[in-house]
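What follows is calculated from the coordinates using simple rules that are stated; it is not laboratory data. It should be emphasised that the depicted structure is a prediction, and the values quoted were computed from it without experimental measurement. Heads up, the Cβs are rebuilt from the backbone with ideal geometry, glycines too, and the neighbour counts pull from every protein chain shown.
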């Protein structure tokens, strides 16, 4: 193995022309530089320098090796710069998974900041996935970071080896048709907040639009209705809350929708707070050691910042 430090001296001799100049640049004595170059000749088994009068010059082999040395040293300098950036968390390639409403809001805002900031070169790829799928991706190494959720009435257990950081929370609202089928309700604006509160027991005989069965959102709806004393009569299922709201507007039934999922409120749909509130909490999840990775720390800080504009309920201090 060629000693890079000795290669640096050989390349410096080609560039500067004299042993004395090399010694001054690297803060060694001239005899010390000569000894290092002699040791390099023994390592490679070739004469690299020769004396011409009072000067030491490079042989053809010395020039060839010195030229390669310049390339190697340039690459090492680049590696050192990239390592500094990696330690600072400003470069790196990462995969993030997030469920659709978080991707549309929190992650999209994070991308806007990343693309507008010249000081960072984080390469972030995104996949949309529901929490269970996202956790599987973390465990298998297909993802580095995930935004997941849980509900106040449906806690989520994390697998061994996965840690989380809270992002914040949001209320779950009851969506009803303002007039006609679907029950009572007043006008509301999803930005300024819902009317209410609504007692779910008043909707025990209503038709219900539910998230797809087998997902946490479905369990949330069933448990909320169960606590109100009834089992919902489900007439339609969709994991897409925009579809649910359009079905509410069509008079198909009522639905429970987290605030973050509402991008557009269809005409004729009312949102109401609940007398027994239900909250959805958002978390950043990663493999436990990965939270120490500088790039992950940078992304966590960025996502925490962008989440503040979208999640009215702030996370509890650590």
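To the nearest 0.05, what FRET efficiency results for residue 54 and residue 93 with a Förster distance of 45 Å applied to their C-beta separation? Please report the intermediate quantities before stating the final value.
Values: r = 54 Å, r/R0 = 1.19.
Once rounded, the FRET efficiency stands at 0.25.
Nearest 0.05, what FRET efficiency do residue 160 and residue 213 give at R0 = 45 Å with Cβ-Cβ as r? Don't skip to the end; give the middle numbers.
Working: r = 27 Å, r/R0 = 0.61.
The computed FRET efficiency comes out at 0.95.
Starting from the Cα of residue 68, step 7 Å along the direction of its Cβ; do the same at residue 238; then give the gap between the two resulting points in nm.
Inter-label distance under the simple model: 6.6 nm.
How much length is gained if the chain between residue 205 and residue 308 is pulled fully straight, taking 0.36 nm per residue apart and subtracting their Cα-Cα distance, in nm to one decimal? Provide the component values of the computation, followed by the final result.
Values: separation 103, 0.36 × 103 = 37.08 nm, distance 3.77 nm.
In short, 33.3 nm is gained.
In nm, give the distance between the simple-model label positions of residue 133 and residue 61, each being 7 Å from the Cα along the Cα-to-Cβ direction.
Result: 6.2 nm between the two label points.
For 160, 202, 71, which order do you get if you count the other beta carbons within 10 Å of each Cβ and list the fewest first? Present the calculation step by step, with values, prior to reporting the outcome.
Numbers: 160 6, 202 13, 71 10.
Fewest-to-most ranking of 160, 202, 71: 160, 71, 202.
Measure out, as a whole number of angstrom, how far apart the alpha-carbon centroids of segment 224-271 and segment 135-173 sit.
24
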